[in-house]
1. Accessible area per residue of the range 234-293 at 1.4 Å probe, in Å²?
2. Apply 1/(1 + (r/R0)^6) to the Cβ-Cβ distance of ASN387 and TYR408, taking R0 = 30 Å, and write down the FRET efficiency to the nearest 0.05.
3. List every residue whose amide H lies under 5 Å from the amide H of ILE190, counting only residues 5 or more places away in sequence or on a different chain, with H placed 1.01 Å from N in the peptide plane.
4. Report the gain in length on full extension from ARG228 to GLU170: 0.36 nm times residue separation, minus Cα-Cα distance, nm rounded to one decimal.
5. Which ³J(HN,Hα) values in Hz, rounded to whole numbers, follow from the phi angles of the range 334-341 under the Karplus curve 6.51 cos²θ - 1.76 cosθ + 1.60, where θ = phi - 60° and Gly and Pro get x?
6. Excluding ligands, DNA and RNA, what is the solvent-accessible area per residue of the range 156-224 at a probe of 1.4 Å, expressed in Å²?
7. Taking θ = phi - 60°, what integer Hz values does the Karplus form 6.51 cos²θ - 1.76 cosθ + 1.60 yield along the range 435-452, in sequence order, with x for Gly and Pro?
8. If I ignore ligands, DNA and RNA and count only protein heavy atoms, how much of LYS453 is accessible to a 1.4 Å probe, in Å² to the nearest 10?
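The values are calculated or read from the model by the stated rules, or taken from the named source; none is laboratory data. This one's a predicted model, so the numbers in the text were calculated from it and none came from an experiment. Because the Cβ atoms are built from the backbone with ideal geometry, glycine has one as well, and the counts that use them run over all protein chains shown. Remember, those area values only see protein heavy atoms, side chains included, never the ligands or the DNA or RNA. Shrake-Rupley method; radii C 1.70, N 1.55, O 1.52, S 1.80 Å.
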Amino acid sequence: NHLESIDLYVCGVCGADSDDALSISSNASNKVKFMQHIEGPNIGPSSSENWLTNEGEIPSKTDLLHKGHINGGKLVVCMVGLPGRGKTYISRKVARYLRWINYRTRAYSLARYRIDLCGGKQTADFYDNTNEENVTLRLDLMNKAIHDMLLYLNRGGECAILDGTNFTRERRAIIQERVSQEDGYEILWIETISDDEEIIKTYLEQLQDHSPDFLSAEDFNARVEYYRTKYETVEMLEGSFVKIYDAGQRLEIHAAQGFVPTKITSFLMNLHVNERPIYISRHGESMFNIHGLIGGDPDLSPRGKLYAEALREFCFKCEDLPENALSVWSSTMKRARNTAKGITCATYVEWRALREIEVGICDGMTYDQVKEKFPEEYSARERDKLNYRYPRGESYLDIINRLEPVIYEMERQKGPLLIIAHQAVLRCIYAYFLDLPNEEVPYLSIPLHTVIKLTPQALGCSEKRFGLTKPQPDGQKKM
């Protein structure tokens, strides 16, 4: 029997990133909500140029593009495309990915600026290109977004994404001219192109369900036609671009060079619009869990074996996890492999990248023993769990780095997926899908004997938790 089932939903407004990120942790007894800047501490209108360090030893501008710019190279990603072609979906995915791999990134949605000034649910006539007053208004909103975007980059941001149609060469030239005034700032255009009715229908359904700006299918189609009459595709003379045809079925890449643009391009190659569930679960209770020991490669406890049986039954009965389509991924550690054993699925894969955090010289110890034997290490970890690296072991940032190929493959999956891994690893994966700041990763609640269902959607990610069996208090909760 399920001990609990908790539904959560985290999403943005019309594709715009809010100034703060919503973080939700949940367990059987409570829900905790707290707010924090999604790009890291002290990013905002009142921030100073030396927010990275109190001593000012690290320059506020870094040469992200590694081309020797005196004041620091930054990357501006600009979306291009007709309405309903997945621009906001892609911009949010790219922003989330860059933040997760530790680049300070913010997305600026022109729809958000329009809603703030004019209110939501404007009719299609608002986008009539013969209405000079509204055309001027929309240009003013774009210029305001560009100003805010460059201000963010000048105050310590590293990458900014301008999410809008940007559908004419004239509008794109305005963006280029303003960005070119900054030392070393470069633009990567991402254009989404599709005339596939099924793909457009999928995007339209997602907008209808989640966008506060959606009126009706008829009004939306009329809006698209206003844009289509003036639409101009990105040309080679406009600089670096990636063109995505029919939700990733074909990509055209021009001059997208350098480390960060190349990472973005590789990431885009794995995206699609298919909505599918992702289930994550820690292994069943292990012998180390019982005694509060960290590290090691122990087997399951008797209660852990009962959970493995309950998980198999859960998968068998769950309509979301048909055995002819289900992929199961497990870490290579004994407790995870034995938890996955017996689950009927179409594909079973073991990943070394899904192994628990390496605790180095603290392997096989309790936290009380670590505190007694290595008091300085214990104190350093208490001060900064995100960046702390166990001697001869790993930090949470190290885990994020090794999970990057796993994330690529997760984005590429089109069918249901079940991942059986470990607390620290699943905290990182959970934070990626819910777009939570890295600072929160070490404190997220991923309890034993609980299945978490994540459903990525156009403007967010829904969550549901199922408690299958009840373990004893988790001795590794502080890990």
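1. 40
2. 0.80
3. Amide H to amide H, under 5 Å and 5 or more residues apart or across chains, ILE190 pairs with CYS78, MET79, VAL80, VAL242.
4. Here the segment from ARG228 to GLU170 would lengthen by 19.4 nm.
5. 4, 5, 6, 4, 6, 6, 7, 4
6. 42
7. For the range 435-452, the Karplus-derived couplings read 6, 9, x, 4, 4, 8, 3, x, 10, 6, 8, 10, x, 5, 6, 10, 9, 10 Hz, x marking Gly and Pro.
8. 50
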